Amino acid sequence: MYRTRFLCKAAERVFTMVGLKPEPNAKEILEKLYQETLERVKVLPERSVYRQNVEKITNYRWKVVKESETVEAIEERVGMGLVEELIEQAKSELELIPKFQEWKLWEGDPDKIKINILD
């Protein structure tokens, strides 16, 4: 049973990660990215829903990374893909934070926001 699970996990890494190479230092990289995310998101007001959600998600993931001893445990507990994908997600979040700062969506009047619904 263990051997089968190991082989399935190995196959998943090979087939799922087209374009992303395996990261031997994923745990350390994730810890640094999550620390940086939590620091950078502070530029947004505390009332910003985006900031609140980023902090909740990042704090949870950071806690999982710190508590987990294996990459597989991180992947299983977070449930959002392989660690290489989590790294890419964290990097994307860091790119998005300055955009939210520029857009200042928290300053808008929700009654005046026009929403286009695509059919």
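The values are calculated or read from the model by the stated rules, or taken from the named source; none is laboratory data. All values derive from a computational prediction rather than experimental measurement. Counting neighbours? That spans all protein chains shown, and the Cβs are built from the backbone with ideal geometry, glycine included.
Data table
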| quantity | calculated |
| --- | --- |
| Output for region 32-60, where each listed residue is under 18 Å from Leu86 (Cβ atoms) and either surrounded by 15 or more Cβ atoms within 10 Å (Cβ to Cβ) or at pLDDT below 95 (or both) | Leu33, Tyr34, Glu36, Thr37, Arg40, Val41, Val54, Glu55, Ile57, Thr58 |
| Output for region 61-72, where each listed residue is exposed (fewer than 13 other Cβ atoms within 10 Å of the Cβ) and over 17 Å from Glu36 (Cβ atoms) | Glu67, Glu69, Thr70 |
| Members of region 73-100 that are surrounded by fewer than 17 Cβ atoms within 10 Å (Cβ to Cβ), more than 9 Å from the chain's Cα centre (by Cα) and in a helix (DSSP H, G or I) | Ala73, Glu76, Arg77, Leu94, Glu95, Leu96, Pro98, Lys99 |
| Looking only at region 1-23, and only at residues there that are among the β-branched types (Val, Ile, Thr) and assigned to a helix (DSSP H, G or I), the one that is modelled with the lowest pLDDT | Thr16 |
| Subset of region 24-64 [of a type in the set (S, T, N, Q), part of a helix (DSSP H, G or I) and in contact (Cβ under 8 Å) with a residue 12 or more places away in the chain] | Gln35, Thr37, Thr58, Asn59 |
| Pick from region 65-87, criterion touching a residue at least 24 places away in the same chain (Cβ under 8 Å) and of a type in the set (Val, Ile, Thr), ranking: farthest from Leu105 (Cα to Cα) | Val71 |
